[in-house]
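A quick write-up on the structure given underneath.
The values are calculated or read from the model by the stated rules, or taken from the named source; none is laboratory data. Note that the structure is a prediction, hence the values are computed from the model and not measured. Note that each Cβ is placed from the backbone with ideal geometry, even for glycine, and that neighbours are counted across all protein chains shown. In case anyone asks, the SASA skips ligands and DNA or RNA and just uses the protein heavy atoms, side chains included. Shrake-Rupley method; radii C 1.70, N 1.55, O 1.52, S 1.80 Å.
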Amino acid sequence: MQSNAQLEYDYSVVKLFTFTTILFGIIGMLVGVILAFQLAFPELSNLAGEYGTFSRLRPIHTNGVAFGFTLSGIFATWYYVGQRVLKMSLKESKFLMTVAKLHFWLYFITILLAVVTLTLGITTSKEYAELEWPLDLLIVVWWVLWGVSMFGMIGMRRERTIYVSVWYYMSSFLAVAMLFLFNNMEVPTMFWANGAPSSAMHSISMYAGTNDALVQWWYGHNAVAFVFTTPIIAMIYYFLPKESGQNVFSYKLSVLAFWGLMFVYLWAGGHHLLYSTVPDWMQTMGSTMSVVLILPSWGSAINMLLTMKGEWGQLQTSPLIKFMIMASTFYMLSTIEGPIQAIKSVNAIAHFTDWIPGHVHDGTLGWVGFMVMAALFHMAPRIFKRELYSKKLMETQFWLQTVGIVLYFTSMWIAGITQGMMWRAYDEYGSLLYSFIDTVTVLHPYYTLRGIGGLFYLIGFLMFAYNIFRTATSGRVLDKEPANASPMAS
Amino acid sequence: MFHWLEQRPFFFAVMLFATIAFAGIIEIIPDFAKASQPTVGTKPHTVLELAGRQVYIKDSCNACHSQLIRPFKSETDRYGMYSLSGEYAYDRPFLWGSKRTGPDLHRVGNYRTTEWHENHMLAPAEVVPGSIMPKYPHMFTNTADIATAYANANTQKSVFGVPYDKDGMTKLGSWEEAKAQALEDAKKVAADMKNQSVKDAVANGQVPEIVALIAYLNSLK
Amino acid sequence: MKKMVIGGIILIVALMAGTYFVAGDAFQSDDYINSLTMLGALAIIAITVSTVLKYVNQIKNDTATGELADESWDGIGEYTNPVPSGWALIFMGTIIWMMWYFFVGYPTNQFSQIGQYNEEVLENNAKFAKAWENPSDETLVAMGESVFLVQCAPCHGVDAEGIDGKAQDLTHRLSKEQVLYTIKNGSNNLGYPMGAMPAGMASGEGAEKIATWIAGGMQGEQPAEFAACASCHGPDGKGMNGMAPNLAEYDDTLVTKVLENGKKGSIGTMPSFKGRLNETQEKALRHFLNSIQVKG
Ligand code: HEM
Ligand code: HEM
Ligand SMILES: [Ca+2]
Ligand SMILES: [Ca+2]
Ligand SMILES: [Cu+2]
């Protein structure tokens, strides 16, 4: 073991990314709540002309929460966790410090431009890859910068062995780089305009039809894996043991779950294309590999739950621990729900229905959202050197948001299964029982409930933002960094 | 072995990348080899249709509408023949969608008409009571981007060898020719429409977004 | 702990009950996909809740033990505990299952989704043909209504009245504007044996009179100008047994022709439904349209 001579870590970039996590979180989730209510009360779609319709706003929500909120959280925690588990400080390298700062600013500009272009309807339409080619190029630049900082920091490490969290961050970096490049292969059309005054922003995909779909969902599924899953696992492997002061339950389980996940995830993308026009064998592969995927996914969750063995007291008293245990639970829920939705016969109903957004949000709200907020809560006292402003507010937020998630996913389960069954229903005369609109109006109560659930979650998020803001500005100043449990004022 | 790797980040990264990249190679390469061949009768989109397709993308209709009829009786009864791979041969990007908040549109051209779309896009709930689809009045005033649609078609032709201007295929020609043809097509659509300002615009050589969009929707068969 | 178990059970029951309550109708059919989906939904929640409770129980009652590995990162240590055997076994199990599925159970060279579809359709058609070999008139009307609501109502409205003039009002035959329009423009899209109807068979006041009379349901005295029409549509305007359209009511020939060829008229365009409906369904539609007409 190394001596624990205190290193001075540099948190300036962590702070910047913390700020954008909160900013884009508020924007993205606010738009999510608006979307939810627009489906319940469609008049809301026409309040801001062409810019306020459900369809224009939806990509702003998905990009805002995935690439604004979640990625910011990932970068914030990377620069925090990275320095600490590698035992190096950004202060030690001017170069890496500059890279990190540049990474932040280019990223920030990209997301702002994303909001502007999507509002204007500049999009390629491919889900989670909507941004047009000039923005794609910008993304490549800061993604590379992130890689430079990552491998640079690893190169400067004092800790010989790299920790589990770093494996997962590395996997995100590598996988997203590969997926992103292939899926965003697009040709700007202005170079072949042949004299026509064509738009400079427009591009078309390098692949056509079924092939395009194949590449898209190979990307789309694994974007879920390497944005909403692996970096979040990286977080829980650091923040749960650190906050609780417990040792990780099993190194062997960490290793098996990691390599298992890395191998299996990439095969499962076919489950987005079941009963489509891609070859049957590829669909079967996507379907069966999804079932295999349950275990490597659950491995990490189980490892974390077992890390807390005997720590019931902490779970009861610390809202921070509650957030993380609940996050593992929702992670388990969504990683068995996904595989079951990937079974062909179930997907025949689930696909295209609200059950899919239901699945999406028990993962994103329960797992991603909770874990990112827990990470920021844990980091706040250390980066601001102040006590967390209010424990009571955290407790209230936790329960409000948990209720919000339950409302969200239960209503969408019911809505999705109902709608899926209605689409298939025949009457006694052998004709379709329901016209399409019947299957829409029946959803009104569930859309309303989902909106309310989402509103709860958003209010909780605003409490979180307020809590962090007050921590940074008026929390009691700490003279020493807390080793484990984060100090919080009641 | 794992522990060894964990102490050598470079090899770790190489192993990791190989593990991740493996599936992609197996999954994607075979199907690209026999890249989706167009079905008989499938033709590249006209410039006006492409302009409409761009409107469809701009307003993210794919957020609520799929264009993929799965092989189930309940879908073929509702929407028509299940979709075939070759029908998408000229679709860049593909527009299958992943959510059916509204109905599938892959063959909507078979059972809805210009007037119907005109009424519906302006105020869906007045045509289909209870509809939650947004109103799109701005499409009646915004002008469609025919120039970019032409660049789009010409890129497909030049870069990807899409058979524009081939025998029996869609004609493209020069920008001037294509512009004239698009206007000609737009006039046919506008003739079936009621909205006077749209008709006037087309008569004046402008193509409102709604006209291009309807041309595209009508082409989905 | 007890509270959590009860909470979990309540959640499961509530979800299932909720789904059953709203989707029960569909569930009663013999579509195995429905049953599998419900089973899947149940499995998701039951497996997750029970597994998490198992570990929560350990959080509550167990204690952390094990040998620590040498390293520690920022104070975080790792035990060298073995992998939980249940986890490892199930992992292996799923891999074996996957291999079985792929190579033995449903080998991909023997399964085709289109084959599956063809079977589904054949089975369904056979069932349908058998059940409705000789449908009664009432059955046909009901069946027609059910087809109408899915296929036609988006244009003609659920009440078939044409949504404020956006499509034909199918409870009344022709409106005055429609007749005037046809007289002025002629008509040629329905495919009657008489072929096309020429434009300008009447004009001015004569046309007005004819149109008013036809739109009024052909009540009262027939205007003399109608003679110009009678040569094709018959003296009673009923189309001479299908040689030209029946102007008095929606008869079987007219509905059949419209479904076959679609129609373009003063209101707009009606798409052709050729190949989209089977014979019984078309017959049912005819019966249904007949039943809702306001006659006379
Ligand atoms: C074992 C792991 C998982 C499997 C096998 C899985 C499987 C699936 C399946 C079958 C779909 C529906 C595809 C369709 O019919 O349209 C889906 C959609 C989705 N899942 Fe998962 N899922 C898993 C975990 C997760 C997690 C942990 C998250 C996020 C935190 C997530 C996020 C999503 C998203 C965002 C979509 C929507 C994709 C779209 O836009 O259509 N999934 N997943
Ligand atoms: C305040 C909470 C939120 C609400 C009310 C909300 C609401 C919505 C709504 C209404 C949709 C569209 C569903 C549809 O088309 O039917 C959606 C989509 C989506 N949201 Fe959220 N959202 C929230 C938070 C989040 C967060 C925090 C994330 C990610 C971290 C997220 C990720 C997504 C994704 C990936 C989709 C696309 C799903 C798909 O295509 O299947 N949302 N959300
Ligand atoms: Ca892109
Ligand atoms: Ca989607
Ligand atoms: Cu997926």
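Starting from the range A:121-142, take each residue that is more than 8 Å from chain B (Cβ to nearest Cβ) and list its partners that are within 16 Å of ligand 5 (Cβ to nearest atom) and open to solvent by less than 30 Å² (accessible area, probe 1.4 Å), counting only C-beta distances under 6 angstrom and pairs at least six apart or across chains.
That search, which allows pairs on different chains as well, returns A:Y128/A:G220; A:Y128/A:A223; A:A129/A:N183.
Limited to the range A:178-192, what total is found for residues that are under 30 Å from B:I26 (Cα atoms), more than 7 Å from chain B (Cβ to nearest Cβ) and surrounded by fewer than 21 Cβ atoms within 10 Å (Cβ to Cβ)?
The number of residues fulfilling the criteria is 6.
So that you can scan it fast, the table gives a plain yes or no per residue for (1) surrounded by fewer than 21 Cβ atoms within 10 Å (Cβ to Cβ); (2) within 16 Å of ligand 2 (Cβ to nearest atom); (3) within 26 Å of B:P9 (Cβ to Cβ):
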| position | (1), (2), (3) |
| --- | --- |
| A:M150 | no, no, yes |
| A:N194 | yes, no, no |
| A:P197 | yes, no, no |
| A:M201 | yes, no, no |
| A:A208 | no, no, no |
| A:V215 | no, no, no |
| A:V224 | no, yes, yes |
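Pick out the one residue from C:G105, C:G157, C:G195, C:G186 that is free of Cβ contacts under 8 Å to residues at least 60 places away in the same chain and farther than 30 Å from C:S291 by Cα.
Step by step, each of C:G105, C:G157, C:G195, C:G186 is checked, and only C:G105 is free of Cβ contacts under 8 Å to residues at least 60 places away in the same chain and farther than 30 Å from C:S291 by Cα.
So that you can scan it fast, the table gives a plain yes or no per residue for (1) within 16 Å of ligand 3 (Cβ to nearest atom); (2) free of Cβ contacts under 8 Å to residues at least 40 places away in the same chain; (3) closer than 23 Å to A:I22 by Cα; (4) within 14 Å of chain B (Cβ to nearest Cβ):
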position	(1), (2), (3), (4)
A:G49	no, yes, no, yes
A:S55	no, yes, no, yes
A:I74	no, no, yes, no
A:V81	no, no, yes, no
A:R84	no, no, yes, no
A:E92	no, no, no, no
A:K101	no, no, yes, no
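Inspect the range C:268-279 for any residue being closer than 30 Å to C:A126 by Cβ, touching a residue at least 40 places away in the same chain (Cβ under 8 Å) and out of contact with any Phe, Trp or Tyr (no Cβ under 9 Å at 6 or more places or on another chain) and give the result as yes or no.
Yes: the range C:268-279 contains one or more residues that are closer than 30 Å to C:A126 by Cβ, touching a residue at least 40 places away in the same chain (Cβ under 8 Å) and out of contact with any Phe, Trp or Tyr (no Cβ under 9 Å at 6 or more places or on another chain).
Has the range B:47-55 got any residue that is within 16 Å of ligand 3 (Cβ to nearest atom) and in contact with a strand residue (DSSP E or B) (Cβ under 6 Å, 6 or more places away or on another chain)?
Taking every residue of the range B:47-55 in turn, none turns out to be within 16 Å of ligand 3 (Cβ to nearest atom) and in contact with a strand residue (DSSP E or B) (Cβ under 6 Å, 6 or more places away or on another chain).
When the residues of the range A:261-274 are filtered to those that are open to solvent by less than 10 Å² (accessible area, probe 1.4 Å) and within 7 Å of another protein chain (Cβ to nearest Cβ), which remaining residue is farthest from A:V291 (Cα to Cα)?
The selected residue is A:M262.
Out of all the residues in the range A:409-416, is one or more farther than 23 Å from A:P241 by Cα and open to solvent by 10 Å² or more (accessible area, probe 1.4 Å)?
We begin by selecting, within the range A:409-416, every residue farther than 23 Å from A:P241 by Cα; these are A:409-416.
Within this subset, residues satisfying the condition of being open to solvent by 10 Å² or more (accessible area, probe 1.4 Å) are A:410, A:414.
Taking every residue of the range A:409-416 in turn, at least one turns out to be farther than 23 Å from A:P241 by Cα and open to solvent by 10 Å² or more (accessible area, probe 1.4 Å).
Just give me the residues in the range A:150-172 being in contact (Cβ under 8 Å) with a residue 60 or more places away in the chain and assigned to a helix (DSSP H, G or I), in sequence order.
A:M150, A:M153, A:I154, A:V164, A:S165, A:V166, A:W167, A:Y168, A:Y169, A:S171, A:S172
Among what's in the range C:19-41 and is open to solvent by less than 70 Å² (accessible area, probe 1.4 Å) and within 27 Å of A:S297 (Cβ to Cβ), pick the residue that is modelled with the lowest pLDDT. Don't jump to the end; show me each part of the working.
So in the range C:19-41, the residues open to solvent by less than 70 Å² (accessible area, probe 1.4 Å) come out as C:19, C:22-24, C:26-27, C:29, C:31, C:33-38, C:40-41.
Narrowing the set further to residues that are within 27 Å of A:S297 (Cβ to Cβ) leaves C:19, C:33, C:35-38, C:40-41.
On the way: C:T19: 71, C:I33: 89, C:S35: 87, C:L36: 89, C:T37: 90, C:M38: 87, C:G40: 90, C:A41: 88.
It comes out as C:T19.
On the given criteria, is A:H378 open to solvent by 10 Å² or more (accessible area, probe 1.4 Å) and away from ligand 3 (no atom under 16 Å from the Cβ)?
Against the criterion (open to solvent by 10 Å² or more (accessible area, probe 1.4 Å) and away from ligand 3 (no atom under 16 Å from the Cβ)), A:H378 does not qualify.
Select from the range B:98-115 the residues that are within 14 Å of ligand 2 (Cβ to nearest atom) and either under 16 Å from B:D192 (Cβ atoms) or open to solvent by less than 20 Å² (accessible area, probe 1.4 Å) (or both) and list them in ascending order.
If the condition is that a residue be within 14 Å of ligand 2 (Cβ to nearest atom) and either under 16 Å from B:D192 (Cβ atoms) or open to solvent by less than 20 Å² (accessible area, probe 1.4 Å) (or both), then B:K99, B:R100, B:T101, B:G102 are the ones that fit.
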